[in-house]
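Visitor: The structure that follows is given in the form of structure tokens.
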Amino acid sequence: GGIMITADGDDKDMYGVRFFNDKGEAMDEEDMEGVVLGFKNIHNQSQMKPYVGVLRINSIHRKIGPANDSKFVRSFANISVTDDVDKSLRIAYSPLYGSGVDFLPILFEEHGYKYNYTIKSQSVKDGTFPGLEQPDPTDERVYEKVLIQAQRKDADIALVTNPGLSRFGAAVKTGEGEY
């Protein structure tokens, strides 16, 4: 089975946890009773196991877990549309309180970018997205803090990602110094 935790720019009434059975189908009420009972029997954190399991994709089984996260991130370091990129590019980045903080700063480093200015206040995972109506990269209002940092650090690009790291937006510095 699997668990998907959502808080990704959708309407807040859609946030929550979704459970799936071993066939990839949403669990029915009977299956969920067993899950709820299992959670009720957890009385302290020592009873919980770290997440390590097997991911099945098209009959191919892959081990997943923290040890493999870095391999996953490093694999992206080999993917590029061009090698002709100035590695001194200054990047101001905000993960908008989501999972991008675990991946993009590492990816920038793996690719050899020297200047990465991640917005610390928006690097804490928080599904309430403090100060944002929605963490949507298509909404210009989410760029406020990253643009302040970009201007302060003379960044070439200001990048934001939604909390689930499925969408991004960018503001690029013009020749006049505007974004």
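Visitor: What order, most packed first, do the peptides 143-149, 31-37 have when packing is the mean number of other Cβ atoms within 10 Å of each residue?
Guide: 143-149, 31-37
Visitor: Same structure again: If amide H atoms are built 1.01 Å from N in the plane of the peptide, which residues on other chains or at least 5 residues away come under 5 Å of the amide H of MET27?
Guide: PHE19, PHE20, ASN21
Visitor: Starting from the amide H of THR118, placed 1.01 Å from N in the peptide plane, find each other amide H under 5 Å away whose residue is 5 or more places distant or on another chain.
Guide: Result for THR118 returns TYR93.
Visitor: Taking the Cα of HIS111, stepping 7 Å toward and past its beta carbon, and measuring to each backbone N in segment 143-160: which are under 17 Å?
Guide: In segment 143-160, the label zone of HIS111 (backbone N under 17 Å from the point 7 Å along Cα→Cβ) covers 155-160.
Visitor: Another question, if that's okay. Exceeding 20 Å between C-alpha atoms, which entries from my cross-link table qualify? They are LYS87/LYS120; LYS71/LYS120; LYS87/LYS153; LYS23/LYS71.
Guide: LYS87/LYS120; LYS71/LYS120; LYS23/LYS71
Visitor: If you stretched the chain out fully between VAL85 and VAL124, how much longer would it get, using 0.36 nm times the residue separation minus the C-alpha to C-alpha distance?
Guide: Contour length minus Cα-Cα distance gives 11.1 nm.
Visitor: Kindly write out, for segment 143-148 in residue order, the coupling ³J(HN,Hα) from the Karplus curve 6.51 cos²θ - 1.76 cosθ + 1.60 (θ = phi - 60°), rounded to whole Hz, with x marking Gly and Pro.
Guide: With coefficients 6.51, -1.76 and 1.60, one gets 8, 3, 5, 5, 6, 4 Hz.
A short reminder: the numbers here are calculations on the coordinates, not readings from a lab. Fair warning: this is a prediction, and the values are worked out from it, not measured in the lab. Quick reminder, even Gly has a Cβ in these numbers, built from the backbone with ideal geometry, and neighbours come from all protein chains shown.
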